[in-house]
Amino acid sequence: MKGMDKAFAEHFAAEWIDSWNSHDLKRILSHYEEDFEMSSPVIIQVAGEASGTLRGKAAVGAYWKKALELIPDLKFELLSVLVGVNSITLHYKGAHGRLVAEVFHFGSNQKVTRACAHYAM
């Protein structure tokens, strides 16, 4: 993929937010490559992984399953979509209204290869 377009970015954002709000882990994971990498300070807290990074659908899926169990009323609210060359940043309200900016890097098949979450302190 040489660049993102607005339509793809907006569709991805809407589908990604909807999948998280549905709490359907299979649907959430459908946006990602099999061996994608996820980095987040919450990984340190929830998964106990000191590096804050997990790789692959099995590892990240287990982490997200635990997170969804810990926050059964989790709901995301999209605030804005920012478009890069091969990436999109979603700015949204996460758990307990906490502000999040998550950067998604895409491969050639329009699946996420790497994602990094950033949280307001």
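The values are calculated or read from the model by the stated rules, or taken from the named source; none is laboratory data. These numbers come from a predicted model, not from an experiment. Positions of Cβ are generated from backbone atoms using ideal geometry, with glycine treated the same way; all protein chains shown enter the neighbour counts.
Looking at V81, V42, V60, which is the one that is under 14 Å from the mean Cα position of the chain (by Cα), aliphatic (A, V, I, L, M), in a helix (DSSP H, G or I) and within 26 Å of S108 (Cβ to Cβ)?
V60
Starting from segment 93-115, keep only residues that are farther than 17 Å from F76 by Cα, then list their pairs with residues that are hydrophobic (A, V, I, L, M, F, W, C) and modelled with pLDDT under 95 whose Cβ atoms are within a distance under 6 Å, requiring at least 6 positions of separation or different chains.
As it stands, the answer is F106/M1; S108/M1, since those pairs meet every condition given.
Check whether at least one residue in segment 26-33 is among the polar types (S, T, N, Q) and assigned to a helix (DSSP H, G or I), and report yes or no.
no
One line per residue, one yes/no per condition, for (1) in contact with a Cys (Cβ under 8 Å, 6 or more places away or on another chain); (2) closer than 21 Å to A120 by Cα; (3) β-branched (V, I, T):
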{"position": "I28", "(1), (2), (3)": "no, no, yes"}
{"position": "S39", "(1), (2), (3)": "yes, yes, no"}
{"position": "G52", "(1), (2), (3)": "no, yes, no"}
{"position": "R55", "(1), (2), (3)": "no, no, no"}
{"position": "A62", "(1), (2), (3)": "no, no, no"}
{"position": "A67", "(1), (2), (3)": "no, yes, no"}
{"position": "L70", "(1), (2), (3)": "no, yes, no"}
{"position": "D73", "(1), (2), (3)": "no, yes, no"}
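More than 19 Å from H118 (Cβ to Cβ), more than 12 Å from the chain's Cα centre (by Cα) and either aromatic (F, W, Y) or surrounded by fewer than 17 Cβ atoms within 10 Å (Cβ to Cβ) (or both): which single residue out of S22, S30 fits that description?
Testing whether each residue is more than 19 Å from H118 (Cβ to Cβ), more than 12 Å from the chain's Cα centre (by Cα) and either aromatic (F, W, Y) or surrounded by fewer than 17 Cβ atoms within 10 Å (Cβ to Cβ) (or both) leaves just S22.
What pairs come out if I take residues in segment 1-30 that are closer than 13 Å to L74 by Cβ and pair them with residues that are among the small types (G, A, S) and crowded, with 18+ Cβ neighbours inside 10 Å whose C-beta lies under 8 Å away, six or more apart or interchain?
If the second residue must be among the small types (G, A, S) and crowded, with 18+ Cβ neighbours inside 10 Å, the pairs left are I28/S19.
All but one of (1) on the phi < 0 side of the Ramachandran plot; (2) loosely packed, with under 12 Cβ neighbours inside 10 Å hold for G97; which doesn't?
(1) is the only condition that G97 fails.
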